[in-house]
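Here the structure is laid out as structure tokens; the discussion comes afterwards.
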Amino acid sequence: MADLRINLAGIESPNPFWLASAPPTNSGYQVQRAFEAGWGGAVWKTLGDPILNVSSRFAAVSFNGQKVAGFNNIELITDRPLEVNLKEMYETKKKFPDHAIIASLMVEPKQEKWHEIVKRVEDVGVDGLELNFGCPHGMAERGMGAASGQVPSLVEKQTYWAKEVAKTPVIVKLTPNITDITATAEAAVSGGADAISMINTINSLAGVDIDTWNTIPHVGGKGAHGGYCGPAVKPIALHMVGECARNQQIPIPISGIGGISDWKSAVEFMLMGATGVQVCTAAMHHGFRIVEDMIDGLNHYLDEKGIASVMDIVGKSVHKYSDWGDLDLNYKVVAQINNDLCIKCNKCHIACEDTSHQCIDMLKGQDGVGYLKVREEDCVGCNLCSIVCPVDGAIEMVEVNRDLQPMTWNERQAVIGSAALQAEVFGK
Ligand SMILES: Cc1cc2nc3c(=O)[nH]c(=O)nc-3n(C[C@H](O)[C@H](O)[C@H](O)COP(=O)(O)O)c2cc1C
């Protein structure tokens, strides 16, 4: 069995699966049950004030039979007094000394407020702190959460204030509601952060009821923007993790969050640079026991690949994630249709004919039976036909042009640039 233990900026946990700061980590009762189920760590529901909330709070975006493709909420931070949370954190840490308990914090952007809350939570024995600069609603209107997290100087300053007194590692949780997340990640580094976590939720409105004309969700007929998460946000989160992981100015560990619902998505985040992952929506949808499949799946994956420790996969795909200008313009794939598997639904033909490069012909064999064939010389290798094909393996994308030397756009520009220079200097 592979070693699933992780060490994220000094915070140790028996496996890389943590519950994210959210309703599943609202109380000692829940966190203790989660640890019993197998979760390696928990980021406690954000502490701070004010203690208030609205009803209703959540909405799901269903798509094509998937009940919770995306999840939207307008909930604020904890609705329980600080003293109660601190007492339960202390008790939980005592019962589960080997599991990671992280205190998520959100206070006004004032030095004394950060000093006070950091000292109080560290007194109860937490393993680390997560500064919540990410929540997009409610608290942001009061200068906290995403309102702080969208201003790099505020991220840097508040991280610095927390670090002035913190004895445990400080993770800065970033908002995705910003043009370039590396700007705030770099600010966290400048402020002395030991790690960053991403993403918090994305600004959203889940829907509008076309009969009542109310927003979804609504509070007595009025709505406000919420935070989007769940499977739908995974590609956005994965991109942001990758951008930070490949940025040399951000040399600190990353805790990956956003749409993680199984061991495979956790592996993807770790390959793209996350040292561990946090999960919220999937636990809210399916319960704490999903972690059993996550642990089993990760164990099998590592054993099959002969990898001794999960820490060995961290960042293994980062060098493969680059800028468009570094892609090989001479690499070419074309579609090939396997007519033994093809069910003749013609979806590929329609997609190619209507919205791509019109290179799938409908032909008739000598026996008079129709079949589909790709004109390889006109195929640009866009993948659309294989994406819309309902039968696995019926359309394969195969590499052609193998003899050509790789040539990126950046290299091409350099060649063109030097040719233009030669022409200018030597008049050729
Ligand atoms: C109902 C709800 C409440 C949340 N509350 C908090 C919070 O108090 N603090 C925080 O940092 N993130 C909070 N989050 C964000 C999650 O921690 C997480 O960043 C986000 O949901 C993305 O992960 P997921 O796709 O696995 O849900 C909340 C999310 C939801 C759905």
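The values are calculated or read from the model by the stated rules, or taken from the named source; none is laboratory data. All values reported here derive from a predicted model rather than from experimental measurement. Methodologically, a virtual Cβ is constructed for each residue, glycine included, from the backbone with ideal geometry; neighbour enumeration extends over all protein chains shown. These area figures cover heavy atoms from the full protein model, side chains too; ligands, DNA and RNA do not enter into them. Shrake-Rupley method; radii C 1.70, N 1.55, O 1.52, S 1.80 Å.
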P(r) of segment 139-254 over all Cα-Cα pairs, 10 Å bins starting at 0, rounded to whole percent, reads 13, 39, 29, 13, 6, 0
With the cut-off at 1.5 for a/c, could you classify the chain from its C-alpha gyration tensor as rounded, prolate or oblate? prolate
What relative contact order, as a whole-number percentage, does the chain give when Cα pairs under 8 Å and 6 or more residues apart are counted? 14 percent
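Taking a 32 Å limit on the Cα-Cα distance, which of the listed pairs LYS67/LYS93; LYS264/LYS364; LYS157/LYS234; LYS45/LYS110; LYS95/LYS316; LYS87/LYS163 fall beyond it? Numbers along the way, then the final one.
Numbers: LYS67/LYS93 35 Å; LYS264/LYS364 42 Å; LYS157/LYS234 29 Å; LYS45/LYS110 21 Å; LYS95/LYS316 35 Å; LYS87/LYS163 23 Å.
Result: LYS67/LYS93; LYS264/LYS364; LYS95/LYS316 exceed 32 Å.
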Hey, could you get me the Stokes-Einstein D for segment 218-290, Kirkwood radius over alpha-carbon pairs, 4 °C and 1.567 mPa s, rounded to whole µm² s⁻¹? 97 µm²/s
Which peptide among 90-98, 274-282 comes first, and what is the full order, when sorted by highest mean count of other Cβ atoms within 10 Å? 274-282, 90-98
Please give me, ordered by residue number, the chymotrypsin sites (Phe, Trp or Tyr not before Pro) of segment 178-283 that lie in loop per DSSP and have at most 12 other Cβ atoms within 10 Å. TRP213
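Quick check on the chain: helices-only [θ] at 222 nm, where DSSP H runs of length 4 and up contribute -39,500 (n - 2.57) each and the sum goes over total residues. Nearest 500, please.
Values: 13 runs with 141 residues, N = 428.
Mean residue ellipticity at 222 nm (helix-derived): -10000 deg cm²/dmol.
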At 4 °C and a viscosity of 1.567 mPa s, what translational diffusion coefficient does Stokes-Einstein give for segment 71-129, taking Rh as the Kirkwood radius over Cα pairs? Give it in µm²/s as a whole number. 102 µm²/s
Most mobile of LEU384, LEU174, LEU86 in a GNM of the chain (Cα contacts under 10 Å): LEU384
Most to least packed among 37-47, 7-17 [average Cβ atoms within 10 Å]: 37-47, 7-17
With x for Gly and Pro, the residue-by-residue ³J(HN,Hα) of segment 42-49, computed from phi through the Karplus equation 6.51 cos²θ - 1.76 cosθ + 1.60 at θ = phi - 60° and given in whole Hz, is 8, 9, 4, 3, 3, 8, x, 9
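At R0 = 45 Å, how high is the FRET efficiency between SER190 and ALA423 if r is their beta carbon distance? Nearest 0.05 is fine.
Values: r = 46 Å, r/R0 = 1.01.
That pair, SER190 with ALA423, gives E of 0.50.
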Would you compute the Debye intensity of segment 1-75 from its alpha-carbon atoms alone, equal scatterers and no solvent, and pass along log10 I(q)/I(0) at q = 0.12, 0.14, 0.17, 0.18 Å⁻¹ to two decimals? -0.50, -0.66, -0.87, -0.92
Does anyone have the angle between helix 28-37 and the longest principal axis of the chain? Alpha-carbon axes, 0 to 90°, nearest 10? 40 degrees
Using the alpha carbon gyration tensor of segment 65-197, what are the three equivalent-ellipsoid semi-axes (square root of 5 times each eigenvalue), largest first, in whole Å? 23, 20, 14
Give me the extension gain from VAL54 to GLN249: residue separation times 0.36 nm, minus the current Cα-Cα distance, reported in nm with one decimal. 66.2 nm
Can you give the angle from 0 to 90° between the axis of helix 152-165 and the longest principal axis of the chain, with both taken from C-alpha atoms, to the nearest 10? 40 degrees
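Out of all Cα-Cα pairs in segment 380-428, roughly what percent, to the nearest whole number, are more than 14 Å apart? Intermediate values should be presented prior to the final figure.
Numbers: 817 of 1176 pairs.
Percentage above 14 Å: 69.
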If ligands, DNA and RNA are left out, what is the accessible area of SER55 with a 1.4 Å probe, given in Å² to the nearest 10? 90 Å²
Against the longest principal axis of the chain, how steep is helix 409-426, in degrees 0 to 90 to the nearest 10, with axes from Cα atoms? 60 degrees
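Using only the Cα atoms of segment 301-428, build the gyration tensor, take square roots of its eigenvalues as a ≥ b ≥ c, and label the shape rounded, prolate or oblate: rounded if a/c is under 1.5, else prolate if a/b is larger than b/c, else oblate. All intermediate terms of the calculation are to be shown ahead of the outcome.
Numbers: a/c = 3.12, a/b = 1.27, b/c = 2.46.
Because a/c hits 1.5 or more and a/b fails to exceed b/c, segment 301-428 counts as oblate.
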Given 10 °C and 1.306 mPa s, how large is the Stokes-Einstein diffusion coefficient of segment 195-253 in µm²/s, with Rh as the Kirkwood radius over Cα pairs? 115 µm²/s
Stretched out fully, how many nm does the piece from TRP324 to MET1 gain, at 0.36 nm a residue minus the Cα gap? 112.4 nm
Rel. contact order, % - alpha carbon contacts under 8 angstrom, at least six apart, segment 1-126: 26 percent
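As an exercise, take the mean of 1/r over every pair of distinct alpha carbons in segment 221-365, invert it, and state the Kirkwood radius in angstroms.
On the way: mean 1/r = 0.0529 Å⁻¹.
After inverting the mean inverse Cα-Cα distance, the result is 18.9 Å.
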Compute the FRET efficiency between HIS286 and GLU36 as 1/(1 + (r/R0)^6), taking r as their Cβ-Cβ distance and R0 = 25 Å, and round to the nearest 0.05. 0.90
Once phi for every residue in segment 293-304 is put through the Karplus expression 6.51 cos²θ - 1.76 cosθ + 1.60 (θ = phi - 60°), the whole-Hz ³J(HN,Hα) values, with Gly and Pro written as x, are 5, 5, 5, 4, x, 5, 4, 4, 4, 5, 5, 4
Pick out, in residue order, every one of the trypsin sites (Lys or Arg not before Pro) in segment 237-323 that is DSSP loop and has at most 16 other C-beta atoms within 10 Å; say none if there are none. ARG289, LYS316
Enumerate the calculated ³J(HN,Hα) couplings along segment 76-92 in order (Karplus 6.51 cos²θ - 1.76 cosθ + 1.60, θ = phi - 60°), each rounded to whole Hz, writing x wherever the residue is Gly or Pro. 9, 6, 3, 9, 10, x, 4, 4, 5, 4, 4, 4, 6, 5, 4, 5, 5
